[in-house]
C-alpha cells in the first residue's frame, strides 16, 4: 500500500521519519502519551492525525517533500512530453520534406507534359498549314488544268 494513502503509521514508519530506532519510537510513544493501537499481527500503529498532532513540524516537512516529489514527477512528465513533441516535430519535418520532393517531381512532370503538348500543338499547326497549302496548290493546279485562270 502507498505510504500516502495509509491512515496510520507503523513503528518502522515513525522511526524512519524521526531517524531513530524502533525501540526509541516505543519509548517516545509512551513518553509523549500518543494514542496507539495494535494491528492484526500485534504491532503498534498510530493514526497519522495523532502522530502529526504531536509532531506538526514533521507534517510540514512531509508536505514539502511530497511537493518536491510531485514537482520532480511533473518535471519528468513535462520532459517526456517535450521529447515526444520533438519526435513528432522530426516526423512532421520528414513528411514535409517528402511532400516537397513530390511537388518538385510533379512540377517537373507537369513542365514536360506542357512542353510535349506545346510541341504537338505546333506540329498540328504546321501540318494544318501544310495541308492547307497543298489544297491551295491542288486547286491552283486543277484550275490551271481546267484553264480557269
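The values are calculated or read from the model by the stated rules, or taken from the named source; none is laboratory data. Here the structure is a predicted model, which means the values were calculated and not measured. Every residue, glycine among them, receives a Cβ derived from its backbone with ideal geometry; neighbour counts consider all protein chains shown.
Is there any pair linking a residue in the stretch 124-149 that is at positive phi and outside any helix (DSSP H, G or I) to one that is surrounded by 10 or more Cβ atoms within 10 Å (Cβ to Cβ) and at pLDDT 80 or above, with Cβ under 9 Å and at least six apart or on different chains, and which?
Matching pairs, first to second residue: none at all.
Part of a loop (DSSP other than H, G, I, E, B) and modelled with pLDDT under 80, is that true of residue 6? I'd like the intermediate steps shown before the answer.
Details: part of a loop (DSSP other than H, G, I, E, B): yes; modelled with pLDDT under 80: yes.
Answer is yes for this residue.
Residues 129, 121: which one is modelled with pLDDT of 85 or more and either over 30 Å from residue 32 (Cβ atoms) or surrounded by 10 or more Cβ atoms within 10 Å (Cβ to Cβ) (or both)?
Only one candidate qualifies: 121.
Listed here are the residues, each with its yes/no results for (1) surrounded by 10 or more Cβ atoms within 10 Å (Cβ to Cβ); (2) closer than 26 Å to residue 35 by Cα; (3) modelled with pLDDT under 90; (4) out of contact with any strand residue (DSSP E or B) (no Cβ under 7 Å at 6 or more places or on another chain).
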{"site": "58", "(1), (2), (3), (4)": "yes, yes, yes, yes"}
{"site": "63", "(1), (2), (3), (4)": "yes, yes, yes, yes"}
{"site": "82", "(1), (2), (3), (4)": "yes, no, yes, yes"}
{"site": "91", "(1), (2), (3), (4)": "yes, no, no, yes"}
{"site": "101", "(1), (2), (3), (4)": "yes, no, no, yes"}
{"site": "105", "(1), (2), (3), (4)": "yes, no, no, yes"}
